[in-house]
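A quick write-up on the structure given underneath.
The values are calculated or read from the model by the stated rules, or taken from the named source; none is laboratory data. Predicted model, so just to flag it, every value in this text is computed and none were measured. Here the Cβ positions follow ideal geometry from the backbone for every residue, glycine too, while neighbour counts run over all protein chains shown. The area values use the complete protein model at the heavy-atom level, side chains included, leaving out ligands, DNA and RNA. Shrake-Rupley method; radii C 1.70, N 1.55, O 1.52, S 1.80 Å.
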Amino acid sequence: MPVKRVVCLANSRKLAERCVAGREWIGGRRAGAWVRPVSNRKSQGVSEYERQYIDGSDPQVLDIIDIPVLEHRPQDHQTENWLLDPKYYWEKVGRLTPFDLPTFVDPAAPLWIDGYSTFKGRNDKIPFAAIASVTDSLRFIRTDRLQLVVCRPGEAFGNNKRRVQGRFRHAETKYALWVTDPRYERKYLSKLDGTYELAECYITISLGEPYEDSCYKLVATIFEVD
């Protein structure tokens, strides 16, 4: 049974399921390639049943996990995808600390292709017509300052749902991306609408599957540095 040993760097919301991703942990001391376990369903999301440990608990970011897989299953720019084996539990074999986060930071560079923005976002989408040149969909970055904005982006169109947006600068470019980290969504949706300042953070950025005519950049996980 093939197994990928992965340091979990994202366990983010994906509709009613999750998008889990991390870096291979090689020899217990260095980071390898990105791995995103996916299901065989059209959504490719990972259900609670599929990702749980034998005691029923959910994987946490920074857990070191053995994930049984069946085959490499790349799809378009999401070349990191591996089809999970739903017959087996995932196994937690260790855990890292926030002090280990610099190990995983990708070189400072633009987040794929910039210059395309939604009505409320900034450099937050890539038209599907331009996605052919993109060959990966996960990045781990560091920023000195992160703003979290709680707002109602669709209010003018009759949609009163609140969302959390992350605003930051990376590689001399400003970004405003929607947050899908369930921990930070819960924490900040419990607050009043407004802008909240965070200091140094590490962020996992995910480039999603095509939706309508574009692929969207998302803040999948936030790690605050105390």
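The table for this structure:
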read-out: Residue-normalised accessible area of the chain, expressed per residue, 1.4 Å probe, Å²; value: 51
read-out: Residue-span extension gain [residue 120 to residue 187] - 0.36 nm each, minus C-alpha spacing; value: 22.0 nm
read-out: The chain, accessible surface, carbon-and-sulfur percent (1.4 angstrom probe); value: 51
read-out: Average projected area [Cα convex hull, segment 12-154], square nanometres; value: 10.7
read-out: Linear extension gain, residue 173 paired with residue 41, 0.36 nm per residue minus alpha-carbon span; value: 43.9 nm
read-out: Neighbour cut-off at most 15 other Cβ (10 Å), DSSP loop, trypsin sites (Lys or Arg not before Pro), segment 47-100; value: 87
read-out: Additional length obtainable on full extension of the chain from residue 99 to residue 60, 0.36 nm per residue less Cα span; value: 12.4 nm
read-out: Members of 4/187; 14/161; 42/187 lying beyond 27 Å, as alpha-carbon distances in this model show; value: 4/187; 42/187
